[in-house]
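Below: one structure, written as structure tokens.
No value in this document is a laboratory result; all are computed from the given coordinates. Predicted model, so just to flag it, every value in this text is computed and none were measured. Cβ placement follows ideal geometry from the backbone for every residue including glycine, while neighbour counts extend to all protein chains displayed.
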Amino acid sequence: MSNFMNYAIQLAQMVDGQTGVNPPVGSVVVKNGRIVGIGAHLRKGDKHAEVQALDMAKSEAKGATIYVSLEPCTHHGSTPPCVNKIIEAGIQKVIYAVKDTTLISQGDDILQNAGIEVEFQYNAVAAQLYQDFFTAKRNEIPELTVKVSASLDGKQATDNGESKWITNKDVKKDVYQLRHNHDAVLTGRKTIEADDPLYTTRIEDGKHPVRVILSKSGKLDFQQQLFNDDSSPIWIYTENKTLTTEKNNITIIYMNQCDIESILKDLYQKGIGKLLVEAGPEITSEFLQSDHLDHLVLYFAPKIIGGSGKYQFFKTDKTIALPDTTQFEIVNSTLINQNIKLILRKK
């Protein structure tokens, strides 16, 4: 694998989580073994990575090779097709790491008909980066990750509701980065009442996610700090048609039934491409049983809480046979100052 392609993929990874329903893409233009242009798609509506790289390369793009983490687009959305810009720039060769299975027309054919050499150079890291994006785009729902911080016996709190803090300060910093990499974070009324959280990133120049609150009853205390923080918008999904507020940063979405499928589809239509769920056992359990779950991020503290299991992070009344249990594969495991972080992908 070329170092130039690796660089393009690294650029894509750096913007992952800030492109909304668009894919994170990186691109590098190379001529005579020298980089003459780089680009990344920064946010929905902005220039695509290839266009940014070609704009930087200017006249040196003629006869050059362009490396792209994802097959160049062929459709006209909020920006023109990238294949057109590549042809206009006089690029000699296009190399990409992942085929875009959501393309209506094949970019390879368009480029080759224009006399441009095209090479598909598969990369497993890039393929994993786009796997959930493709599924989300086909289903028109966000990439879905559930995050849980718990004790070794799976408790999010003691039986008397004490939850601050089970995991350590370094885990909190890691969670800030996790939020930064998502468009929105979803929680529930009980978690807001118990923890009075902000759900921001606390990262310098960081991107704060949209705060999404699922409260069927709508019994919310608008005096809590979350509702008085304007770092990012707050969207409330509720079945309570009488719930109102005069706060400018809060939008209330009334639903006849707050089911996960409807909420996910509405969020995607609102531009949310990656959703992080940070909630208590009830909402966490609902999303863990969703067919649309992509990832589970677990932070375990080296302690056992015991008790009745009132705040066990996954709760169900169903008796599930072992062959029918939800299966995961471990993507990564990390030790964070004596706390364990597991990133799992649902099989």
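For Ala124 and Thr316, FRET efficiency with R0 = 25 Å and r from the beta-carbon atoms, rounded to 0.05? The partial results should precede the final answer.
On the way: r = 34 Å, r/R0 = 1.38.
Computed FRET efficiency for Thr316 and Ala124: 0.15.
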Computed from the beta carbon distance with a Förster radius of 56 Å, FRET efficiency for Lys265 and Lys164 to the nearest 0.05 stands at 0.95
Under a plain spin-label model, where a point goes 7 Å from the Cα along Cα-to-Cβ, how far apart in nm are Lys303 and Asp229?
-> 2.2
Highest mean first, what order results for 252-262, 227-237 on Cβ atoms within 10 Å?
-> 227-237, 252-262
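Around Gly33, with a cut-off of 14 angstrom between Cβ atoms, what is the net charge of the other residues, counting Lys and Arg +1 and Asp and Glu -1? Provide the component values of the computation, followed by the final result.
Numbers: positive: Lys31, Arg34, Lys93; negative: Glu60.
Cβ neighbours under 14 Å give a net charge of +2.
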Given Pro323, Leu11, Thr79, which one lies farthest toward the positive end of the charge dipole of the chain, if we put +1 on the Cβ of every Lys and Arg and -1 on the Cβ of every Asp and Glu?
-> Leu11
So how do 306-312, 278-284 stack up, highest first, on mean other-Cβ count within 10 Å?
-> 278-284, 306-312
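Return the subset of Lys137/Lys241; Lys207/Lys347; Lys47/Lys147; Lys216/Lys247 for which the Cα-Cα distance in this structure is over 24 Å, preserving the input order.
Working: Lys137/Lys241 31 Å; Lys207/Lys347 30 Å; Lys47/Lys147 32 Å; Lys216/Lys247 20 Å.
Too far apart for the 24 Å limit: Lys137/Lys241; Lys207/Lys347; Lys47/Lys147.
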Rg and Dmax of region 141-346, Cα atoms only, in Å | 16.6, 51
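Please state the shape class of region 55-120: rounded when a/c is under 1.5, otherwise prolate if a/b exceeds b/c and oblate if not, all from the C-alpha gyration tensor. Please list the in-between numbers first.
Values: a/c = 1.63, a/b = 1.33, b/c = 1.22.
Prolate is the answer for region 55-120, as a/c is 1.5 or above and a/b outweighs b/c.
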Measure nothing fancy, just the Cα-based angle from helix 260-269's long axis to the longest principal axis of the chain, in degrees from 0 to 90, nearest 10.
-> 40
Stokes-Einstein D (µm²/s) once Rh is taken as the Kirkwood radius of the chain over alpha-carbon pairs, at 10 °C in 1.306 mPa s | 73
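Given Cβ point charges of +1 (Lys, Arg) and -1 (Asp, Glu) and nothing else, what value in debye, to the nearest 20, does the dipole of region 110-215 about its Cα centre take? List each step's numbers first, then the result.
Values: 14 positive and 16 negative charges, 64 e Å.
In debye, rounded to 20, region 110-215 gives about 300.
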